[in-house]
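Here is the structure we will look at.
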Amino acid sequence: MLKTLDEKLARIHADRGCRDFILADAKDADMAFGLSAPGKSPEHHAEEGRFRTLDEYRHIIREIVAQGLVDIMLMSASTNEVLTIRERIFDSSPITPAVRANDTTDIWLAGGGLGVYDRQPSRPFRTATLDHIMCGKATCDPSERGMGADLGLYSVTFNNDTEADLRALEAYRAFRLEAEAKGFRHFLEVFSPNAPGENAPTDVGRFVNDHIVRALAGVTNRGRPLFLKIPYFGPRAMEALVRYDSSLVVGILGGSAGTTSDAFHMLWEAKKYGARVALYGRKINHAEDQLTFIRYLRWVADDQIEPAEAVRAYHNDLRKLGIQPHRKLDDDMQRTVGASSYSGRADAPTPNARPQTESSAENDKAAAVRAPRVTMSTWRTPDEDPDFNRLTPTEKAKYNLERWKRILG
């Protein structure tokens, strides 16, 4: 069956001014969060901390695939084996199955929020093998490579550290060569530095952009990613990357759940400044009703509705469905501070990261609420990071518990 991903990519490459937009649901969180990956159970009570089961998580994937509004369904290799290889749910679907092809240490977020891997420099690692993704076993015969997914996400985090970044690039090169030999396509995810220490770049958007184009300059067409998945750093950084190389299809990642307005407005604005893909994980998974939420994402992506109108309409639909929203409408219309790391931590402001454009007033307002790093004694909001060097073990445990609650929405 023809896949909308392939059709849209063809049109985007043929006409950079086309309005096609690719939407992906990232249901690969079981490779990062552990038991909490499927999200809160509908029967969840705050004092219980109950989560959906993996079976329930996969059932939601089946429903979203049946709906047919996203273009890509990103999964773990184990879920891909169940749904793509065994159940064949994508055979008659316009949706393309994809698998997280590597799990770098900065997405190791198991441990109930008390883990520290995301605060240590990212190191490359791959649990899944390409053959297991493509056919479900260690070695595929050529005729078996179409059984599973032939598209994967490969993730890299640059930390402005020569040795750490060299390891990341060497691992990416080995992956690209294997993928090309086996007919496996990929898209490239690049996070903000997760633990740069004293070498933190002052302009993270420029730093990430420069590393992307430098890393890909030595890669010919057969080995290049289909598109990029990066944090949305604002119009200036997006425009600069899109303008630099017209062959790059740039996509944004969703980050932490945030408000409904966060999800709709970020997609709308990113598209306005050149993005052509959005990959939302927690923003979809923590929605009150995922199918309804995706329908409005699709309409925003296809220029059929404005973000604010979509938030109001979404709440109206929740009322008709008898579903209690997480927030009152006025609160859900607000935009909050985003994050550019998988862990969901908000980043410190980056100088000159936002341009002076027609939307600069809104951008500056959003930037103004970002707080610098503070100590525990002045820590007031969930988006602030304390100075861990000055915290006691008890304070560190308290902070991490609060961060975990924030990650889960």
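The values are calculated or read from the model by the stated rules, or taken from the named source; none is laboratory data. Quick caveat, the model's predicted, so the values are computed rather than measured. Quick reminder, even Gly has a Cβ in these numbers, built from the backbone with ideal geometry, and neighbours come from all protein chains shown.
A few points about this structure:
- Lone qualifier among Arg298, Arg354 - being within 26 Å of Ile22 (Cβ to Cβ) and modelled with pLDDT under 95: Arg354
- Residue selected from the range 251-270 under the condition in a helix (DSSP H, G or I) and hydroxyl-bearing (Ser, Thr, Tyr), by the criterion surrounded by the fewest Cβ atoms within 10 Å (Cβ to Cβ): Ser261
- Residues in the range 79-128 that are over 22 Å from Glu56 (Cβ atoms), small (Gly, Ala, Ser) and touching a strand residue (DSSP E or B) at 6+ places or on another chain (Cβ under 7 Å): Ala101, Ser122, Ala128.
- Listed by first and then second residue, the pairs with beta-carbon distance under 9 Å, at least 6 apart or on different chains, first residue in the range 245-264 and farther than 19 Å from Lys40 by Cα, second among the acidic types (Asp, Glu) and surrounded by fewer than 23 Cβ atoms within 10 Å (Cβ to Cβ), are Ser261/Asp332; Phe264/Glu306.
- When residues of the range 102-134 are limited to those that are among the β-branched types (Val, Ile, Thr) and assigned to a helix (DSSP H, G or I), the one farthest from Ile85 (Cα to Cα): Thr105
- Counting only residues that are charged (D, E, K, R) and crowded, with 18+ Cβ neighbours inside 10 Å, the range 161-175 holds 1 of them.
- Given (1) more than 22 Å from Tyr296 (Cα to Cα); (2) within 19 Å of the chain's Cα centre (by Cα); (3) surrounded by 18 or more Cβ atoms within 10 Å (Cβ to Cβ), number of the condition Phe51 does not satisfy: (2)
- Residue check for Glu170: of a type in the set (Asp, Glu), at pLDDT 95 or above and within 25 Å of Lys8 (Cβ to Cβ): no
- Considering the range 197-250, the residues that are β-branched (Val, Ile, Thr) and part of a loop (DSSP other than H, G, I, E, B) include one that is surrounded by the most Cβ atoms within 10 Å (Cβ to Cβ), namely Val249.
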